[in-house]
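Here the structure is laid out as structure tokens; the discussion comes afterwards.
What follows is calculated from the coordinates using simple rules that are stated; it is not laboratory data. None of these values were measured; they are calculated from a predicted model. Note: ideal-geometry Cβ built from the backbone for every residue, glycine included; neighbour counts use all protein chains shown.
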Amino acid sequence: MIAQLQGRLVEKHPTELIIDCGGVGYEVKISLNCFSALGDSEQVRVFTKLIVREDAHLLYGFHAKEEREMFIHLISVSGIGPNTAMIMLSSMVPEDIAKAIQTEDVVTIQKIKGIGAKTAQRVILDLKGKVVKLSEQAQNIFSANNTNRFDALTALVSLGFDKKAAEKAIERIDTGSEPVESLIKEALKVL
């Protein structure tokens, strides 16, 4: 819904910002890493993710797209909500989280406040196939194919399909090069 905000920084605190965009002040929750990366500039741009709950609409802000993508993947794990994901992103940069997931380093993930052994194992199990090691040339921590699969799965689940059935349908039809739209259309035929 709201993918990014660009405007004048009105207030800056370690866990939130207020950004004036065309006369409207948006309250945005951020990680400590985002807080550090923004520096003292008056004009800022943050990538955002809107979380709609029964009692609130919350904007979470990120300095880089990779941080936002990691947040989206983290909140897809059962037992990890937006606040826990922000704690994880405040404790470690996305590249380090991806490396810990890829190397199955339960101890490193478990060092984050609020993450126990079972949750750390669940993070690794659920996200291992979605994150790839960072190379020095590539700055994106997610392969395009896995992101397309994730986006297609999210769309199918939001349409009301069972997550397991949708995963199986996507797995059957995905050859690794389809865009999200094609994955969704073909999965709908299978479902």
Cβ-Cβ FRET estimate between LEU58 and LYS189, R0 fixed at 25 Å, reported to 0.05
0.10
Exposure proxy order (Cβ contacts within 10 Å, fewest to most) of MET86, MET70, MET92, MET1:
MET1, MET92, MET86, MET70
Cross-link partners of LYS189 among lysines (Cα-Cα below 19 Å; sequence separation of 8 or more within a chain):
LYS163, LYS164, LYS168
Could you check which residue among ALA98, ALA117, ALA56 shows the biggest mean-square fluctuation in a GNM of the chain with a 10 Å Cα cutoff?
ALA56
Answer in debye to the nearest 20: the dipole magnitude of the chain about its Cα centre, from +1 Lys/Arg and -1 Asp/Glu charges placed on Cβ, is 480 debye
In what order do TYR26, TYR60 fall by count of nearby beta-carbon atoms within 10 Å, going from fewest to most?
TYR26, TYR60
Give or take rounding to whole Å, what are the principal axis extents of the alpha carbon atoms in region 142-191, in descending order?
25, 18, 16
To make sure I understand, if each residue's beta carbon is the centre and we count other beta carbons within 10 Å, what order do HIS73, HIS13, HIS63 fall in, fewest to most?
HIS13, HIS63, HIS73
How fast does region 4-62 diffuse by Stokes-Einstein, in µm²/s, taking the Kirkwood radius from C-alpha pairs at 20 °C and 1.002 mPa s?
188 µm²/s
Reference-scaled alpha-carbon Rg (2.2 N^0.38 Å with N residues) for the chain
1.08
Before anything else, pin down the relative contact order of the chain: Cα pairs under 8 Å, at least 6 apart, normalised by residue count, whole percent.
13 percent
Sum -39500 (n - 2.57) across every DSSP H segment of at least 4 residues in the chain, then divide by the residue count to get the 222 nm mean residue ellipticity, nearest 500.
-14000 deg cm²/dmol
Suppose the chain between THR103 and ALA165 were pulled fully straight at 0.36 nm per residue; how much longer would it get relative to their current alpha carbon spacing?
19.5 nm
